[in-house]
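**Q** Below you will find the structure I want to go over with you.
The values are calculated or read from the model by the stated rules, or taken from the named source; none is laboratory data. In this text the structure is predicted, and so the values were computed from the model without any measurement. So basically every Cβ, Gly included, is an ideal-geometry build from the backbone, and we count neighbours across all protein chains shown. Accessible surface areas use protein heavy atoms only, side chains included; no ligands, DNA or RNA. Shrake-Rupley method; radii C 1.70, N 1.55, O 1.52, S 1.80 Å.
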Amino acid sequence: MAIEPLHKNLSALLSKRDMLKHRLFADSLDRLEAGEPYLAVLGVDTERLAEILQQELLICHSKAFLETRLDYDGGNLNNLIRDWAKHERLILLALATYLKGENPAITRQLLLHRDELFRLRLPLVVFVSESLYHDLHVKGFDFVSTASFSHCFKDQAKAIETDFRPLDQKPAEVAAYEEALREWREEKEKLKPARARLMMRAFRAGETAYKVSKLEEALKLYLETTELARQLKNDHFLSGALSNIGIVYRDLGVLDKALSTLEEAQMIYQKNGNPKGEGSVLGNIGLIKKDEGKLGDSLEYMKKSLELHQKVNYFRGQAIQLSNIGSIHLEKGELEAALKFLNRGLEMYQKLGFPRGEVSVLSNIGTIHKLKGELNEAAKYYKKALKIDRQIGFLQDEGNQLANLGDVFLEAGELEEALKFYLAALELNRKIGYVKGEAVQLGNIGAIYKTKGNLEEALEYLNKALNIQLQVGTPKDVATTLHNIGVAYKEKGDLDEALDYLKRSLKIDRKIGDLLGEGSTLGNIGSVYYQKEEYENALIYLSKALKLHQKIEYKKGEAMHLGNIGLIHKAKGEYERALMYHKKALKAIRNAGYLYEEAIQLNNLGMIYIDKEDLNEALKCSKQAERIFEQLGASQELNTVRSTIAEIRTKQQPA
């Protein structure tokens, strides 16, 4: 049975007074919302600390029951388990406050009833001293708080300050990694290390290594955790480590290993009846499907994950999947649907105080504004994400946000500023050994040189990116870079070479089922045939691209293909048909809210009206395009359209 949700009270509780802004309390709420048994580690033998936490949990949960003792024979715990179904109440077992000294019987009773607690999903919160915590942990007690502290302070004031650390004053993640690594090494170097303790410390060190983007180090530590967990037959740590290994493999671009590892973790979670863990794994499998370009499959996995997390009231998991579903809609070009899911995810992350999740959503919202041509808004969201990344030491994503800001300057035509951000991101990715990110930035730098017309340098960088991606990248990464190399050759005028790379990209797009990528590649192949003046072939490819992007409701692609078909009819002298397609393109792009592309289509319409010698309509369209480019700060495009306006006005002068 699920306990009464606590999230309604969370925001009020955390703002109620400063003492409530601490990690342990937030972690307690998170675990209780998921309906999990929970061993709360106070980190110090102090009555005051336990009493504060108990008091606030009792306030926020009307059905909570405080049990003050546990008999040596386990009678109280037996009664709690038996009465749980009848009373549907949260049970607080305050051993830290009322138990003095060591008591092996307590450890035995909690271990004895461990499986029953998990089976019934009894929301039991056990407040224990650090000494009892280590006693239980070493003997394999599976449900433990992430808000545990390894040092025991004799000074009570210092203990309160440490355990009740405000959420907005978290220690640097680098320091946490160094401390976790030190503890792991300390245990490992012992003559006879305790396997359970070593397993837990390896896992913790792996978590902190991942948070500071040390992927190879994290992988090594997680693999050690799995080895120890199999020896100890500890499914809790085995499934957790396998899940995290899958995530690391995905980041390293080794998708086959990522998928097989996650599927093994899912089987363990299913066997043990853990919907929270299974939901998290399904969500990560969904991300792999997204990497493969299988957006439909990805969406299905994420929806299943969301359902499981809603079933057990796991709010952080819900926030993650709402954000992931939003990102899939973003990939499909469904911007309004994406924004709806992302805003729901952002709200939950902010209530939970989970900055890494908040960063991801802020970044995606920034991308939506970028796609709409709202570059100032996009930059605002990317800067918010970058600020949080730097506060929490999330170096890998810091590189992503630097690159995103580079994208904004690229869209605005400020190439030198864009290049500065891409180079900064490249330097950071190389510093932390994030090879996949390095390839992305090499590709971005190549795009800058392509836009500047330095096509040889562009191809040099794009080929460097391709060489890396062929080793560690996803098929989608490879397809994207092949596509960009093809576009560079197209702009260089080497059209046969362009077709070769674009068709190689198309083959991968079709193999992995990436309809978005396939449509874009078909469109560029059509553009190459347009440049070769093979208009019928161009129309064939552009028509296929149009159908694909209409099928997945990718409005930006639809508008681009309609506009390019219009250009073909213009080249053939079929001005009325050209006008019809450009008007359709303009309507599609306006419905989707892409300001930049709207200005492009208005400019194209103006050019057709010039050819038709309808100078008044040409001026009207060009002036609308000028206003949008000026609003967006797109300086290069603004100069072009102003030249067109000057040309129109010259033609309007009497002879």
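**Q** Residue by residue through region 482-491, what is 3J(HN,Hα) from phi via Karplus (6.51 cos²θ - 1.76 cosθ + 1.60, θ = phi - 60°)? Round to whole Hz and write x for glycine and proline.
**A** 4, 4, 5, 5, x, 5, 4, 5, 4, 6
**Q** Treating only the Cβ atoms of Lys and Arg (+1) and Asp and Glu (-1) as charged, compute the dipole magnitude of region 502-655 about its Cα centre; round to the nearest 20 debye.
**A** 380
**Q** Ranked highest first by the average count of other Cβ atoms within 10 Å around their residues, in what order do 190-200, 237-247 fall?
**A** Values: 190-200: 15.6, 237-247: 24.2.
With the highest mean Cβ count within 10 Å placed first, the list reads 237-247, 190-200.
**Q** Can you pull the percent of region 524-655's accessible area that's carbon plus sulfur, 1.4 Å probe, other chains left in place?
**A** Here it works out to 46 percent.
**Q** Also, I was wondering about something else. Ranked highest first by the average count of other Cβ atoms within 10 Å around their residues, in what order do 443-450, 260-267 fall? Before the final figure, lay out the partial values.
**A** Numbers: 443-450: 23.0, 260-267: 19.4.
Per-residue mean Cβ counts within 10 Å order the peptides as 443-450, 260-267.
**Q** May I ask you to rank Asp297, Asp496, Asp514 by accessible area, largest first, using a 1.4 Å probe over the protein chains only? Each step should come with its number before you reach the end.
**A** Working: Asp297 75, Asp496 105, Asp514 5 Å².
The most accessible residue leads, giving Asp496, Asp297, Asp514.
**Q** Compute the length gained on full extension between Asn463 and Lys380: take 0.36 nm times their separation in residues and subtract their Cα-Cα distance, giving the result in nm to one decimal. If you can, show how the numbers build up before the last one.
**A** Numbers: separation 83, 0.36 × 83 = 29.88 nm, distance 3.23 nm.
Gain on stretching Asn463 to Lys380: 26.6 nm.
**Q** With every protein chain present, what accessible area does His561 have (1.4 Å probe, heavy atoms only), rounded to the nearest 10 Å²?
**A** 10
**Q** With every protein chain kept in the model, how would you rank Glu307, Glu574 by accessible area, 1.4 Å probe, largest at the top?
**A** Numbers: Glu307 120, Glu574 60 Å².
Highest to lowest solvent-accessible surface, that is Glu307, Glu574.
**Q** On a full-extension model of 0.36 nm per residue, what is the gain between Gln310 and Arg590, subtracting their alpha-carbon distance, rounded to one decimal in nm? Each step should come with its number before you reach the end.
**A** On the way: separation 280, 0.36 × 280 = 100.80 nm, distance 3.61 nm.
Between Gln310 and Arg590, full extension yields 97.2 nm more.
**Q** Which of the peptides 348-356, 484-492 is most tightly packed, and how do the rest follow, judged by the mean count of other Cβ atoms within 10 Å per residue? Don't skip to the end; give the middle numbers.
**A** Details: 348-356: 19.2, 484-492: 22.2.
Packing proxy ranking, top to bottom: 484-492, 348-356.
**Q** Right, something else. Give the separation of the Cα centroids, region 261-329 to region 429-480, in Å.
**A** Region 261-329 and region 429-480 have Cα centres spaced 30 Å from each other.
**Q** Further question: 7 Å from Cα along Cα→Cβ at both Glu536 and Glu497: what's the point-to-point distance in nm?
**A** 3.0
**Q** Once you've got the Cα coordinates, tell me which of Lys387/Lys551; Lys547/Lys570; Lys311/Lys511; Lys257/Lys372; Lys383/Lys507; Lys370/Lys583 are over 32 Å apart. The partial results should precede the final answer.
**A** Details: Lys387/Lys551 38 Å; Lys547/Lys570 21 Å; Lys311/Lys511 35 Å; Lys257/Lys372 37 Å; Lys383/Lys507 37 Å; Lys370/Lys583 23 Å.
Going by Cα-Cα distance, Lys387/Lys551; Lys311/Lys511; Lys257/Lys372; Lys383/Lys507 fall outside the 32 Å limit.
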